[in-house]
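Student: Sharing a structure with you now.
The values are calculated or read from the model by the stated rules, or taken from the named source; none is laboratory data. What you see is a predicted model, and the numbers here were worked out from it, not measured in a lab. Quick reminder, even Gly has a Cβ in these numbers, built from the backbone with ideal geometry, and neighbours come from all protein chains shown. Ligands, DNA and RNA are stripped out before the accessible areas are found, and what is left, the full protein with its side chains, is counted by its heavy atoms. Shrake-Rupley method; radii C 1.70, N 1.55, O 1.52, S 1.80 Å.
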Amino acid sequence: MSETEEDTERGDGGDTREAETVVSVNPATGDVNEEVVATTPEEVDEAVEAAREAQRSWEARSVNDRLRVLDVFQNHLIRRRDEVARTIAAETGKPVGEGLVTDLIPVIDAVRFLKKRGPEVMETGLDLDNIMVMDRKSKIVREPLGVLGMVTPWNYPFGIPGSQVVYALFAGNAVVLKPARETTLTGLKIEEILNDAGLPDDLLHVVPGGGSTVGQAIVESDIDQMTFTGSNAVGEMIQERCQERGVPTTMELGGSDPAVVLEDANIDKATSGIVWSRFMNCGQTCAAVKRAYAHDSVFDEFRDEIVRKVDKLRVGNGAEENVDVGPLIDEGAVDELAQQVDDSVEMGAEVLTGGERLDREGSFYAPTVLGNVTHEMPVVREETFGPVIPVMGFEDISEGIEKANDTRFGLTASVWTRDTDRGERVAREIDAGTVVVNDHGYTYGINETPWGGYKDSGHGRTHGVWGIEEVTRMKHINKGSADTVPRSLRPETTWWFPYSDDYLETMGDGIEFLYGNSVVRRARKAPKMLKELIGKKGL
Ligand code: TAP
């Protein structure tokens, strides 16, 4: 939870000026963590300019040199993990251990992946199988885009910006990042630890402030790419503006992930996995199970197990011991969720457990399971960002798939079954960027895999080879020898000027030899072609 305030400060000369501040508040207690002076739009422009200058020399350093800084960062992060996780808990209320797992590991793992696979993605040799170019060599080199603008949400305040920043810096970019107001202190930690690790000055600017001021200033600034993670309403606005300005974008937006439980599923495992995926981070996860469907033959058992496991969740301040589910980010989020549940109940949904705010200090809502749910209800039609799960049945798998796909979103999904081959066949039918069989959403922390959605869940991919591609541009370099063969012997390259008298015939023979599917005809052309090629190489 946070507030942006305008304070009036009095300078030495008696002038007054407006200073906007960001107030970081603990949503579990309502206590103020700290107040930070917000960046002004002019300072955002200055940050982009300074970042551009710093980026040039960063790009000029070798990939391994850049990796050395990230390696030190990784070590600092491992050492300072509790400090970071406690900052996250103070700003979001989530359990400290959960911060380690879902915020720190994705970033630490990103560095692991980039050390292992990054260099080969930045420079890859190509096999040129065509015999006509056997004396040539090709490679792909990836070049940074320049200065990247980033705007990120509060729900994974270290994991999301941290991993995006690491990929961008690895590839040789500079970054200007606005963290969500609610989690400004966590955003500033990324900058602090990277600077401590030896990141050159000005390569990363974390600029605190509100979305409509500082966020908007980044969008309007001289950036080379914009990565946005957050709601569809804001994402669509930013996308439109970037398109007008010709700035490429990566959009990581909302989700309404389905879990599809087949009749042969391990119900104990499926319900444990689904409850964790939905209720961790107090249900405020883009890729949480937001709709659960079970085959009619196992539905009653599935529903009862979900209710039983949800009833055992311990709600409280995540900074304390023995807490599973923390608060929502603020009162506004509780209001919105309560409205979605109340409206659905009015339309006929049945509260199987929970269904109300918790009467205690902080922004708490009871972990809730809803039955008797239809697709017309807000808890299914809209994205729910809190601890609520609607459970529904399906008669056969085609109905299950149809229901799973009945959404504007397509971030991730899961299929639960003992028959993993069948699980894969169902996965292929679901419209989502990632479909996991017998687990849900966890691949954000596995950096070999891509992250990004279909449909209204956004476009572009963070993580993995594709995450590197997203923040670079591809250059193809092809090299041939500078040596020439006397033209009296052969033209340097068969297809160059001057065209020989038998050019038409030679090229025709070449096509037959290289691409024809008759072995006999290819063999017949071989001597002439070999002569061409030997002549061409001057052997
Ligand atoms: P938003 O309200 O969209 O906020 C996200 C960021 O955008 C914040 O930093 C916010 O700043 C900023 N912002 C707001 N208005 C802006 C504007 N006019 N110009 C530029 N920036 C602006 O989202 P949220 O409520 O924090 O996050 C929840 C949503 O994010 C959910 O829909 C969730 O599914 C989605 N999400 C998606 C993913 C992926 S990977 N697909 C991951 C996490 C979350 P303020 O500080 O002013 O709010």
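Student: Within the range 485-534, can you find the residues that are loosely packed, with under 10 Cβ neighbours inside 10 Å, closer than 18 Å to MET134 by Cβ and modelled with pLDDT under 85?
Tutor: TRP496
Student: Would you please name the residue that is farthest from the chain's Cα centre (by Cα), looking only at residues in the range 126-143 that are surrounded by 14 or more Cβ atoms within 10 Å (Cβ to Cβ) and of a type in the set (D, E, K, R)?
Tutor: The selected residue is ASP135.
Student: Can you tell me which of GLU123, GLU91 is open to solvent by 40 Å² or more (accessible area, probe 1.4 Å) and either on the phi > 0 side of the Ramachandran plot or not small (Gly, Ala, Ser) (or both)?
Tutor: Testing whether each residue is open to solvent by 40 Å² or more (accessible area, probe 1.4 Å) and either on the phi > 0 side of the Ramachandran plot or not small (Gly, Ala, Ser) (or both) leaves just GLU123.
Student: Within the range 257-290, count every residue that is hydrophobic (A, V, I, L, M, F, W, C) and over 23 Å from LEU104 (Cα atoms).
Tutor: 7
Student: Can you work out which of the residues in the range 192-207 that are more than 17 Å from ARG52 (Cβ to Cβ) and open to solvent by 40 Å² or more (accessible area, probe 1.4 Å) is nearest to the ligand (Cβ to nearest atom)?
Tutor: GLU192
Student: Starting from residues that are free of Cβ contacts under 8 Å to residues at least 60 places away in the same chain and more than 16 Å from the ligand (Cβ to nearest atom), keep the ones in the range 314-336 and report whichever is most open to solvent (accessible area, probe 1.4 Å).
Tutor: Only one residue tops the list, namely GLU321.
Student: Collect the residues in the range 337-362 that are open to solvent by 30 Å² or more (accessible area, probe 1.4 Å), part of a loop (DSSP other than H, G, I, E, B) and among the aliphatic types (A, V, I, L, M), keeping them in residue-number order.
Tutor: The answer is MET347, LEU358.
Student: Please verify whether the range 294-311 includes one or more residues that are in a loop (DSSP other than H, G, I, E, B) and either buried (at least 24 other Cβ atoms within 10 Å of the Cβ) or at negative phi (or both).
Tutor: Looking through the range 294-311, none of the residues is in a loop (DSSP other than H, G, I, E, B) and either buried (at least 24 other Cβ atoms within 10 Å of the Cβ) or at negative phi (or both).
Student: Show me the strands (runs of 3 or more DSSP E) found entirely inside the range 412-485 where at least 3 residues are farther than 28 Å from ALA265 by Cβ and away from the ligand (no atom under 12 Å from the Cβ).
Tutor: Output list reads 472-479.
Here is a yes/no grid of residues against (1) open to solvent by less than 40 Å² (accessible area, probe 1.4 Å); (2) of a type in the set (S, T, N, Q); (3) modelled with pLDDT under 95; (4) near the ligand (Cβ under 9 Å from one of its atoms):
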position	(1), (2), (3), (4)
VAL176	yes, no, no, no
PRO179	yes, no, no, yes
LEU188	no, no, no, no
GLY209	yes, no, no, yes
VAL214	yes, no, no, yes
ILE218	yes, no, no, yes
MET226	yes, no, no, no
GLY235	yes, no, no, yes
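Student: A further question follows. Conditions: (1) more than 14 Å from the ligand (Cβ to nearest atom); (2) open to solvent by less than 10 Å² (accessible area, probe 1.4 Å); (3) touching a Pro at 6+ places or on another chain (Cβ under 8 Å); (4) of a type outside the set (Asp, Glu). GLY146 meets all but one. Number of the miss?
Tutor: Single failed check for GLY146: (3).
Student: Out of the residues in the range 237-250 that are over 17 Å from the mean Cα position of the chain (by Cα) and more than 28 Å from VAL23 (Cα to Cα), which is farthest from the ligand (Cβ to nearest atom)?
Tutor: Within the range 237-250, the match that is farthest from the ligand (Cβ to nearest atom) is GLY246.
Student: May I ask you to list pairs of residues, at least six apart or on different chains, whose Cβ atoms are under 6 Å apart, with the first in the range 217-237 being at negative phi and the second being within 7 Å of the ligand (Cβ to nearest atom) and assigned to a helix (DSSP H, G or I)?
Tutor: Filtered contacts from the range 217-237: VAL219/ILE238; PHE228/GLY235; PHE228/ILE238; THR229/ILE160.
Student: In the range 62-97, what count of residues is obtained for those that are over 23 Å from GLU123 (Cα atoms), touching a Gly at 6+ places or on another chain (Cβ under 7 Å) and of a type in the set (D, E, K, R)?
Tutor: 1
Student: Mind checking which residues of the range 94-110 are open to solvent by less than 10 Å² (accessible area, probe 1.4 Å) and either more than 19 Å from ILE329 (Cβ to Cβ) or acidic (Asp, Glu) (or both)?
Tutor: Correct list: ASP103, LEU104, PRO106, VAL107, ALA110.
Student: For residues in the range 149-174 being within 16 Å of the ligand (Cβ to nearest atom) and of a type in the set (A, V, I, L, M), which is nearest to the chain's Cα centre (by Cα)? Let's see the steps before the verdict.
Tutor: Our first condition is that a residue be within 16 Å of the ligand (Cβ to nearest atom); within the range 149-174, this holds for 149-168.
Filter again for of a type in the set (A, V, I, L, M), leaving 150-151, 160, 165-166, 168.
Values: MET150: 12, VAL151: 12, ILE160: 7, VAL165: 11, VAL166: 12, ALA168: 12 Å.
Checking each candidate, the answer is ILE160.
Student: Additional query: What number of residues within the range 122-143 satisfy the criterion of being of a type in the set (A, V, I, L, M, F, W, C) and either at pLDDT 95 or above or within 16 Å of the ligand (Cβ to nearest atom) (or both)?
Tutor: In the first step, residues of the range 122-143 are kept if they are of a type in the set (A, V, I, L, M, F, W, C); the result is 122, 126, 128, 131-134, 140-141.
Still in the list and also either at pLDDT 95 or above or within 16 Å of the ligand (Cβ to nearest atom) (or both): 122, 126, 140-141.
Residues in the range 122-143 being of a type in the set (A, V, I, L, M, F, W, C) and either at pLDDT 95 or above or within 16 Å of the ligand (Cβ to nearest atom) (or both): 4 in total.
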